[in-house]
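Beneath this line is the structure, given in structure tokens, with notes to follow.
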């Protein structure tokens, strides 16, 4: 019975039974945890506000590391309705063992925040043994057409045996596409009213996973597909240019800048003594930061329509759109022009392509233009300084929503000098190895936010946790901490009592670390063959000065050698000085990473550089009894 | 942990409480609370609950016996991190209209620039209801105009169509509470058993009030019992490493209906005893009846064909079910979809998987019974309190001769001979008419043991190169086996991450499918030595994951629960290069805690060109009370100091 079934299935295909794992050629097994045996995606746009998608996939899962492929998950909401989802499961020989229909799947309401956005249908297929094969089929009806489904050809560690994407569009709407990490032209055919694009791939070998590269959706082979014209909830829009897309976005937020006269005069009064626009911006931004809070709550047109300024004024909360819109309204009330800016946020997202207008934005910030001295405002943070974005939105292209439509502009580049961390420690070392230290730490930019979040705003034991775990300090027996939050920096002073300062002792010698915490922790991934750029979270400068006051009867036996390492994107310098008269050892260190994106061909060099920085900490200052 | 005491009303005066005066009216705020800068007894708190109040009473709504819980919460925001307290989500079971949330309202209070109280109302239009799934829905809203310094409050009624179970009342939360008051008013015909678990003083009062209840026009009760419980200045419960279930530490009131005394003198025992609950379960369609289903599994029959001893039959069936069935993540003692459906879908709740296991074991002639258990995360079982809500799984209890086994088919890696690690130490109830009753899930002989054995040579370029074998026994095996099977490519990270420059190759793992043998992990390693001037040094603390002390906090509120006694061994020999000698070797030592339950021993023996060593760390206890934290904390500090000591070598000066 089983055999005849398998035969029946295989007879549908001319060459091989794709449900049988043993039919896979060795070339596709190399470096792969799963193989896309067959994929057929049909996307058909019927009209500006209606499209249909049908997906068929057969995936052979080779081992447990690809078990994510056994997890089916699809969203269903007002703009995108899921139907006819079905999962079939086959054993290693291609024998069907199970079928699951949509009604047997689990579903859960989702929503980024407080409000329901739709449902997710999900199901995890059991894996009695590997290899095994799963087949997924489902249909989607689109009622909003802002997004055309992209063709994700290949993700790392998956080989593709055969895959085909067909898009049919009315000739007057057409579509546009962009190749990403692959050179693949569609076959295009036209009929009287429609146009069809077909992309097809065969026998793609698995690509390795490279840790720390740009976000997965921008790093692997895909065809990005986008409408020229679209409609969301009756709002028709145009993506043929950034300008037109900006106009559509502006229609959604039309009229949302109104504030009551009372609020307006309140705001005017607030800035009446300010002498420059910059100062006014600072005052209003500070008012926003200390009186409004970020709440993830999306409503209307799939979450694109911001709450109007009056609502935010009363409730004192909003999401990124609403808070940016409110900030814009406040600036407007005091006569300063500003524009919301759509952006694809996250440090590892590359900037959007100026030549391919599409909607891959997930965040809104505010831009206050001022010839050559533009101020950017992140309106969801209670900590950042006016004009400082941080790597979450720096190095990107943002779409400004101006009265003349959308304008794509670059956000500032991340600078090492904006993310600085300085620590100076004086430590008195006693005969028995114990010691008392005093440290002064000043941090700016990303480090400032980290320090506020993890050191200033937490309980005492959590402060200790931050010092010991995050910064690698020796475990103190007692500690006292004083914090001072300045306008652009976080300043902390802490005193530690440490029972055992030396890393270890041997006979009468003490082996001291170059400093009592770690300048850096964690090494870069050991990627054998790097083909993709590596993303640090942000560029930085860290400096340290540590002064050891030795016990009177101790002297130096060995100091580590001074370092002076340079590489294309940074430098590392150390210096150790023994002052015989004062019986003190001073160690200086400075490490700089000038930019956060490292080109693939410079990765090994970068890795070696940081290993060198880490290695320095393992060198010890040796002090010995006189 | 400060032990939660069981407080019975007899121990207390029934005092008249001044609660009504103490708790300000909804909508009224004292300016001083707006000026408040910190919680006086928990200075680090991000937010401070000024009022936590619930008034529970009985009602008949549309013919349904209904329990109405009126809730009031008032919170002061002290820090930025407390702002999220103003986003409120209330989940409720609206399946068959069982539960509903009504009468929501709220206010936020701030001081305006002139120092006057400014009051902002929570608008109805800002309150959302969403259906989460077929059973649960959620009311959500966010309070308006909230910033650091604000006080906000809200109230809501929670209506449930059952008087059998009344939600537990928690005096305590993850933020501190100024006053926590719980009042319950129930017609006297309903008799409840109630437990108050607390370590702080609980003020209580009781009263008998006139209260007529009519059902279908008949007076069924004419007075009601009112009980009030108050705790003041309740500290927050922190999240600590190795702490077990949060619920076990929270001060609370637990109630359950036990009896109904009808006006005609008739008495209905609602809750009587564990045996009675067990009998009911055995007759329940979603429980005992599932164990009578017949699953025909030809594949399994074939595997069992020539197996005669029960132990091996059990192993085969246990592995067969674990291999073929997927746990869908639901935790419940019942089978809601029926085990036939679960079997067909190859997916089910934890109990469904275990019922299938029991069915198949019984088909093979074994003695297998459902076992009610509560996992560590779900909390300690209270055997004095016959309430099924305490459990979150039904495992399989198997008796073979004089041996017993506890199996969980939803856990793919725990071997049959070990009690599943996530229920260890808890009580469990065997559901059966004949052998039913309590058992303690404990076997002192089973432990967690990990042994590293290594042999290495340091060459003249100061690179240490060698072989290591790691043997993981008992509970140390499960998680590693899972990692090995599910994420092979990152498995060796555990050996390399902690040591800078450590390189591991030719990793071979064996015995993953042999329950009775330790997981053996053999590999070659290579690591450059650290140096400073003439000195080179290296650590002997390798491959055990004992680099960082998890107990650096000075304070501890909850017990430390390791789940099982642990045993670490590192043994080996390291050759040093010709022409080098040891410099001031660390001493051989033995460290013992005052209670002798933790012993660390380090034996070092140096020859001219090699060092033999053996480091052992043994625990005989698995639980340490918060009150033991003083010595425990100090011991751990010294322990990690010693573990991180290095062996120093130096070129011989005269050679």
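The values are calculated or read from the model by the stated rules, or taken from the named source; none is laboratory data. Quick caveat, the model's predicted, so the values are computed rather than measured. Here Cβ is always computed from backbone atoms with ideal geometry, including for glycine, and neighbour counts include all displayed protein chains.
Summary of values
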{"quantity": "Residue among A:360, A:381 that alone is within 23 Å of residue A:538 (Cβ to Cβ), surrounded by fewer than 21 Cβ atoms within 10 Å (Cβ to Cβ) and within 16 Å of the chain's Cα centre (by Cα)", "calculated": "A:360"}
{"quantity": "Region B:612-655, residues that are under 27 Å from residue A:510 (Cβ atoms), out of contact with any strand residue (DSSP E or B) (no Cβ under 7 Å at 6 or more places or on another chain) and assigned to a loop (DSSP other than H, G, I, E, B)", "calculated": "B:653, B:654, B:655"}
{"quantity": "Region A:76-85 - residue that is buried (at least 17 other Cβ atoms within 10 Å of the Cβ) and within 14 Å of chain B (Cβ to nearest Cβ) and, of those, farthest from residue A:131 (Cα to Cα)", "calculated": "A:77"}
{"quantity": "Filter pass, residue B:598 being at pLDDT 95 or above and in contact with a helix residue (DSSP H, G or I) (Cβ under 7 Å, 6 or more places away or on another chain)", "calculated": "yes"}
{"quantity": "Counted residues, region A:591-621 - those being under 22 Å from residue B:537 (Cα atoms) and either away from every other protein chain (no Cβ under 14 Å) or assigned to a helix (DSSP H, G or I) (or both)", "calculated": "10"}
{"quantity": "Options A:473, A:421; residue that is more than 14 Å from chain B (Cβ to nearest Cβ), in contact with a helix residue (DSSP H, G or I) (Cβ under 6 Å, 6 or more places away or on another chain) and either at pLDDT 90 or above or under 29 Å from residue A:339 (Cβ atoms) (or both)", "calculated": "A:421"}
{"quantity": "Residue list for region A:25-75, restricted to those being within 12 Å of chain B (Cβ to nearest Cβ), more than 29 Å from the chain's Cα centre (by Cα) and assigned to a strand (DSSP E or B)", "calculated": "none"}
{"quantity": "Filter result for the condition that a residue is crowded, with 17+ Cβ neighbours inside 10 Å and more than 32 Å from the chain's Cα centre (by Cα), over B:179, B:189, B:163", "calculated": "B:189"}
{"quantity": "Test for residue A:247: is it more than 14 Å from residue A:326 (Cα to Cα), more than 14 Å from chain B (Cβ to nearest Cβ), out of contact with any helix residue (DSSP H, G or I) (no Cβ under 7 Å at 6 or more places or on another chain) and free of Cβ contacts under 8 Å to residues at least 60 places away in the same chain", "calculated": "no"}
{"quantity": "Top-ranked residue of region B:295-347 - restricted to ones that are without any contact (Cβ under 8 Å) to a residue 12 or more places away in the chain and away from every other protein chain (no Cβ under 14 Å), ranked as nearest to residue B:411 (Cα to Cα)", "calculated": "B:312"}
{"quantity": "Selected residue (criterion: farthest from residue B:579 (Cα to Cα)) from residues of region B:487-529 that are more than 36 Å from the chain's Cα centre (by Cα) and touching a residue at least 60 places away in the same chain (Cβ under 8 Å)", "calculated": "B:525"}
{"quantity": "Hits in region A:465-484 - residues which are more than 28 Å from the chain's Cα centre (by Cα) and crowded, with 17+ Cβ neighbours inside 10 Å", "calculated": "A:473, A:474, A:475, A:476, A:479, A:481"}
{"quantity": "Scope region B:45-80; condition under 25 Å from the mean Cα position of the chain (by Cα) and farther than 18 Å from residue B:107 by Cα; matching residues", "calculated": "B:45, B:46"}
{"quantity": "Condition broken by residue A:588, with the remaining ones in (1) part of a strand (DSSP E or B); (2) within 12 Å of chain B (Cβ to nearest Cβ); (3) farther than 20 Å from residue A:509 by Cβ satisfied", "calculated": "(2)"}
{"quantity": "Verdict on residue B:571 being away from every other protein chain (no Cβ under 14 Å), more than 26 Å from residue A:611 (Cβ to Cβ) and part of a strand (DSSP E or B)", "calculated": "yes"}
{"quantity": "Positions within region A:557-587 being over 19 Å from residue B:530 (Cα atoms) and over 45 Å from the mean Cα position of the chain (by Cα), in sequence order", "calculated": "A:579, A:580, A:581, A:582, A:583"}
{"quantity": "Pick from region B:443-463, criterion farther than 17 Å from residue B:526 by Cβ and modelled with pLDDT under 90, ranking: surrounded by the most Cβ atoms within 10 Å (Cβ to Cβ)", "calculated": "B:447"}
{"quantity": "Residue B:84 being without any contact (Cβ under 8 Å) to a residue 60 or more places away in the chain and out of contact with any helix residue (DSSP H, G or I) (no Cβ under 7 Å at 6 or more places or on another chain)", "calculated": "yes"}
{"quantity": "Pick from region A:290-311, criterion at pLDDT 90 or above and more than 10 Å from chain B (Cβ to nearest Cβ), ranking: nearest to residue A:345 (Cα to Cα)", "calculated": "A:309"}
{"quantity": "Residues of region B:424-443 classified as touching a helix residue (DSSP H, G or I) at 6+ places or on another chain (Cβ under 7 Å) and not in a loop (DSSP other than H, G, I, E, B), total", "calculated": "1"}
{"quantity": "In region B:103-136, residue farthest from residue B:92 (Cα to Cα) [restricted to those that are at the interface with chain A (Cβ under 9 Å from one of its Cβ atoms) and part of a loop (DSSP other than H, G, I, E, B)]", "calculated": "B:123"}
{"quantity": "Members of region B:611-633 that are surrounded by 15 or more Cβ atoms within 10 Å (Cβ to Cβ) and within 14 Å of chain A (Cβ to nearest Cβ)", "calculated": "B:611, B:626, B:629, B:633"}
{"quantity": "Strands (runs of 3 or more DSSP E) contained entirely in region A:140-213, each with at least 2 residues that are within 23 Å of residue A:361 (Cα to Cα)", "calculated": "A:175-180"}
{"quantity": "Residue in region A:245-268 that is at pLDDT below 95, touching a strand residue (DSSP E or B) at 6+ places or on another chain (Cβ under 9 Å) and assigned to a strand (DSSP E or B) present", "calculated": "no"}
{"quantity": "Qualifying residue in region A:538-546 (condition: over 23 Å from residue A:447 (Cβ atoms) and in contact with a strand residue (DSSP E or B) (Cβ under 6 Å, 6 or more places away or on another chain))", "calculated": "no"}
{"quantity": "Members of region B:542-560 found to be in contact with a strand residue (DSSP E or B) (Cβ under 7 Å, 6 or more places away or on another chain) and crowded, with 22+ Cβ neighbours inside 10 Å, listed by number", "calculated": "B:542, B:543, B:560"}
{"quantity": "Only listed residue being assigned to a helix (DSSP H, G or I), more than 18 Å from residue B:185 (Cβ to Cβ) and in contact (Cβ under 8 Å) with a residue 40 or more places away in the chain, chosen from B:291, B:237", "calculated": "B:291"}
{"quantity": "Residues (touching a strand residue (DSSP E or B) at 6+ places or on another chain (Cβ under 7 Å) and more than 14 Å from chain B (Cβ to nearest Cβ)) located in region A:560-578", "calculated": "A:564, A:565, A:569, A:570, A:571, A:572, A:573, A:575, A:577"}
